[in-house]
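Notes to accompany the following structure.
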Amino acid sequence: MDEALYKRVREFTKNQLWEPNGGLNPATRLAADIRIAGLDGKEFIDAYSKEFEVDLPGFDWVDYFGPEGLGCIFLLPFARWLPIYDPKDSIRWGRDSEDFEITLRDLTDWAAAGSWTPPHTRSEQASAGEPDAAAS
C-alpha cells in the first residue's frame, strides 16, 4: 500500500466525515466504524471518486451504506412481501457484512488503481491466486 496515498485518503476521510474514537487506520470500515450510512455514504463516495479520480462503474451505494431513512417504517412488518426486499441483495438484509465493508485500505487501493473493485471479491481474488486487497 502506498503510504503517502493512504495519508491523503485518511485526511480526506477525516475532513469529509470525522475521526472515530481510536482514530483511523487502514482497517477502519466506513459503515461499521465511522457509522456512515445512507445518502451520507453516497455523497462521501461521490466526493472521494472526484478527489482521487476513481471510476465507480456498477457501484451501488445501498449495498455498502444501506437505504436512506425509514420514512415508511410502518411497512417494515410487510417488508418480505415488498419487491425491494431481498435477503441476498444488501448487507443490511443478510449478507456477510465483512465481505461488503469498505475500508480505508480499499479506498487507498482504488485510488492507486483508478477504479474500484468490489470488496466482496477479495476472497474470489485470493482463491484465483490474485493479490488480496486486504493483504496489501
Kindly check whether there is at least one residue in region 16-27 that is in contact with a strand residue (DSSP E or B) (Cβ under 8 Å, 6 or more places away or on another chain) and modelled with pLDDT of 80 or more. yes
Surrounded by 12 or more Cβ atoms within 10 Å (Cβ to Cβ), in contact with a Gly (Cβ under 9 Å, 6 or more places away or on another chain) and at pLDDT 90 or above: is that true of Thr103 in this structure?
no
Notebook entry, point to check: Do we have any residue at all in region 75-93 that's closer than 29 Å to Asn15 by Cβ and at pLDDT 65 or above?
Noted result: no
Going through (1) under 23 Å from Glu19 (Cα atoms); (2) outside any helix (DSSP H, G or I); (3) modelled with pLDDT of 80 or more; (4) of a type outside the set (S, T, N, Q) one by one, Gly41 fails only at (2)
Residue hits (region 22-31; in contact (Cβ under 8 Å) with a residue 12 or more places away in the chain and out of contact with any Ser or Thr (no Cβ under 7 Å at 6 or more places or on another chain)) are Asn25, Leu30, Ala31
Scanning region 26-36 residue by residue, those among the hydrophobic types (A, V, I, L, M, F, W, C) and surrounded by fewer than 18 Cβ atoms within 10 Å (Cβ to Cβ) turn out to be Ala27, Ala32
Counted residues in region 44-58 being assigned to a loop (DSSP other than H, G, I, E, B) and surrounded by fewer than 17 Cβ atoms within 10 Å (Cβ to Cβ) come to 4
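The values are calculated or read from the model by the stated rules, or taken from the named source; none is laboratory data. On a predicted model such as this, the values are computed, not experimentally measured, just so you know. Because the Cβ atoms are built from the backbone with ideal geometry, glycine has one as well, and the counts that use them run over all protein chains shown.
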